1. If we count other beta carbons within 10 Å of each Cβ, what is the order of Met29, Met262, Met155, fewest first?
2. Which order results if Phe273, Phe4 are arranged by neighbouring Cβ count within 10 Å, fewest first?
3. Give me the extension gain from Asn368 to Thr329: residue separation times 0.36 nm, minus the current Cα-Cα distance, reported in nm with one decimal.
4. Report, by chain and number, residues whose modeled amide H sits under 5 Å from the one on Gly109, excluding near sequence neighbours (fewer than 5 apart, same chain).
5. Show me, for region 345-354, the HN-Hα J-couplings you get by feeding each phi into the Karplus relation (A = 6.51, B = -1.76, C = 1.60, θ = phi - 60°), rounded to Hz, glycine and proline as x.
6. Would you order Thr70, Thr149 from fewest to most other beta-carbon atoms within 10 Å of each residue's own beta-carbon?
7. If the chain between Glu42 and Ile72 were fully stretched, how many nm would it gain, using 0.36 nm times the residue separation less the Cα-Cα distance?
8. If you project the alpha carbons of region 93-227 onto the principal axes, what extent comes out on each, in Å, largest first?
Amino acid sequence: MNLFKRFSFRFYQNIIALTTRILNFGEPMKIIGEGSIDRIAEVFVDNGIEKVFIVTDKGLEKAGIIDTVTTILRKADMPYVIYDQVRPNPTIDIIEQGVTLYELEKAQGLLAVGGGSPIDTAKLIGARLARPDKPLHKMRGLLKVKRSTPFLLAMPTTAGTGSETTVAAVVRDSDSHEKYAINDPHLLPDVAVLDPLLTYALPKNITATTGMDALTHAIEAYLNKHHTKKTKQRALHAIKCVFDYLPVVYDEPTNKKARLNMLEASYDAGYAFTRDFIGNVHAISHQLSATYDLPHGLMNAIILPLVLDYYGSAIYKRMAEIYDYAFETNEERTNQEKCEDLIDRIRSLNHKLDIPETIEAIRVVDINRLAKQAYHEANPLYPVPVMFDLIDFITVYMRLDPTFRQKK
Ligand SMILES: [Fe+2]
């Protein structure tokens with residue numbers, strides 16, 4: 001990347017960082033602890049909502065979680081309607097269908113129950129209700145919603161995306177095979193309910209990959225160029241929690257303390273990255289999920305150690321800080337050694353969670369397009385420690401391809 005481009009991208013990132021600090025968007029009201037789900041009806045009543053629009057997916061209905069939710073609403077005489085058409089990597093049609101049903105049912109507030117996909121879908125239904133004149137692709141990027149969205153209570157059933165505390169929502173365009181984010185403080189949920197009970201029944205692989213998504217958020221945010229004291233602290237806390245508790249919840253799904261700590265890790269990582277941004281790992285991952293419909297957290301888990309290796313000496317110092325905090329050490333080792341050890345520990349964690357090292361689905365013919373899309377997602381927006389050029393993205397995609405690894 002030439003010097004002028006590098007300078008202009010960094011200048012743009014500084015302006016965005018300044019804008020984020022000036023906007024100083026708050027946090028949702030956080031209700032946390034086992035049994036906090038019981039308070040959802042009173043939250044809607046307190047906010048003057050007379051009909052709730054539940055956004056979820058069929059899996060959660062089958063798991064009985066929606067029954068629990070509707071029982072609580074019925075007990076409080078709160079009318080509701082269920083929209084359960086959300087799929088992983090939600091597309092524009094899924095959001096538009098939700099908007100139509102919300103209007104038809106004359107609902108007054110949104111209740112998102114699920115992982116990142118239902119919460120993002122609820123946010124974007126809200127965005128389209130606020131901006132009926134503006135299609136989603138025109139809200140792509142930063143600060144394009146600009147109007148108040150309906151009341152939103154987010155109740156995560158996975159611990160990873162952090163969507164319950166972010167100003168972002170991601171959507172997939174099934175025509176262009178692109179996944180893109182819409183970022184606006186109006187998308188921030190009003191209330192986040194973090195109840196570990198909702199995560200006990202999560203399948204092992206989803207526990208693992210969503211947890212690694214939280215780790216990726218926190219590490220990318222921490223390595224990025226702009227911070228506040230609070231975002232740094234939240235990112236570090238999230239990283240430590242993931243190393244301490246993700247292996248525990250993987251082996252003991254109903255360990256209350258560990259599940260609660262993972263929910264907090266996800267929330268704190270979300271708090272950090274919605275202010276300090278994500279980075280090249282996500283830029284690479286989003287294109288793979290959009291093209292091959294692969295799980296977001298799984299992609300991040302595989303890509304994370306590769307990108308950290310690629311950054312080299314640019315991240316030694318920050319990685320050493322993470323290492324010291326997460327593992328409570330004060331060892332007499334160089335920053336480089338601590339960085340390399342931390343990357344090894346991420347690989348070991350992946351191994352423990354049965355996450356592979358490469359991505360079978362990658363087709364060599366797609367790599368150029370994937371790299372171009374990743375380049376345009378990351379640049380100039382993400383204040384990453386090392387800005388990647390097209391060739392860097394191509395190299396990482398090739399290293400992710402198992403056939404390339406075999407040839408090496
Ligand atoms: Fe993510």
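Rule-based calculations on the coordinates, nothing more; no lab input. Small disclaimer: the values here were computed from a predicted structure and weren't measured. For neighbour counting, all protein chains shown are included, and Cβ atoms are generated from backbone atoms with ideal geometry for every residue, glycine included.
1. Details: Met29 12, Met262 30, Met155 26.
Ranking Met29, Met262, Met155 by Cβ neighbours within 10 Å, fewest first, gives Met29, Met155, Met262.
2. Listed from fewest to most nearby Cβ atoms, that is Phe4, Phe273.
3. Full-extension gain reported as 9.8 nm.
4. Counting only residues 5 or more places away or on other chains, the set is Lys51, Phe53.
5. In residue order, the calculated couplings are 5, 5, 4, 5, 4, 4, 4, 4, 8, 6 Hz.
6. The fewest-first ordering by Cβ neighbours comes to Thr70, Thr149.
7. Here the answer is 9.8 nm.
8. If we take the Cα atoms of region 93-227, the spans are 39, 36, 30 Å.
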